[in-house]
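Inspection log for the structure reproduced underneath, given as structure tokens.
Taken together, the values in this text are just the output of simple stated rules run on the coordinates, not laboratory data. In this text, all values refer to a predicted model and were calculated from it rather than measured experimentally. For neighbour counting, all protein chains shown are included, and Cβ atoms are generated from backbone atoms with ideal geometry for every residue, glycine included.
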Amino acid sequence: MKTVTMDSVSKSYNGEKVLDQVSLEIAEGERIVLLGASGCGKTTLLRLIAGFIVPDVGSISIAGELAARDGRIFKQPEQRNLGMVFQDLALWPHLSVKGNIDFGLKAKGLPKAAREERIKAVLDLVGLTDFTNKKPGELSGGQQQRVALARVLVLEPEVILMDEPLSSLDAELKVRLWKEIIQLQEKIGFTLLYVTHDEREAIEIATRVLRIENGQVDSGVGHSPNPGSIG
Ligand SMILES: Nc1ncnc2c1ncn2[C@@H]1O[C@H](COP(=O)(O)OP(=O)(O)OP(=O)(O)O)[C@@H](O)[C@H]1O
Ligand SMILES: [Mg+2]
């Protein structure tokens, strides 16, 4: 089953083409890393999938349903069952760890008992049970990153979009969190789209790397080092 499909998607800002007829298919449970230089269009691609912007031409489908086509939107961001973690974690500073995680659950209208249960489970999953009542400002960078992750995981999205979520962390912590993200993904099975410009990070995390350059996405399949030599 394809979770995300883009068909000949182009996107320009003020007449400058950022993505040029990009087509890609992402299957359930893949860990896709989007890799490319600053300004190549990585965030633009995630924003298109999230539904914050629409393609000028071309179509995007999520879970087999048309989400946007040729400048028109058919599924709003909140109808796409996606979770997002950005570099700026955007945690609520005045709310506790628990409050931050509860925020989205409340918005979904879940009853209190169900919310409590899910929060407990997700805090356990990311190893933050001891920090339940702390404010983000009292946590380390890595712990804050885990809160941002927990806040998304608790909503059980099918697809999680991450835009350089670890770029503000030191190298050692980064490596530890890569491993945790991979473990969580393997355990829960969500589809991951992860943006970075760090080649090593890409190779560590990805089951498939998509490289963006000159508005084109190299789909990461069909590479033969020497295609002419077979047969
Ligand atoms: N809202 C916008 N209005 C105008 N131009 C934009 C807008 N957003 C992005 N751009 C331009 O589109 C291009 C791609 O931007 P994008 O943010 O997608 O790059 P990126 O690959 O995420 O870069 P980085 O690695 O620096 O985050 C850049 O040239 C950028 O200046
Ligand atoms: Mg970006």
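Below are the figures for this structure:
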| item | result |
| --- | --- |
| Check on Leu91, closer than 25 Å to Gln183 by Cβ, in contact (Cβ under 8 Å) with a residue 12 or more places away in the chain and of a type outside the set (Gly, Ala, Ser) | yes |
| Test result for Gly15, surrounded by fewer than 16 Cβ atoms within 10 Å (Cβ to Cβ) and not acidic (Asp, Glu) | yes |
| Of residues in region 124-145 being of a type in the set (A, V, I, L, M, F, W, C) and in a loop (DSSP other than H, G, I, E, B), the one nearest to Gly109 (Cα to Cα) | Leu128 |
| Residue tally, condition in contact with a Phe, Trp or Tyr (Cβ under 9 Å, 6 or more places away or on another chain) and of a type in the set (Asp, Glu), over region 29-68 | 1 |
| Tally, over region 146-164, of residues that are part of a loop (DSSP other than H, G, I, E, B) and either under 14 Å from Glu117 (Cα atoms) or more than 16 Å from ligand 2 (Cβ to nearest atom) (or both) | 5 |
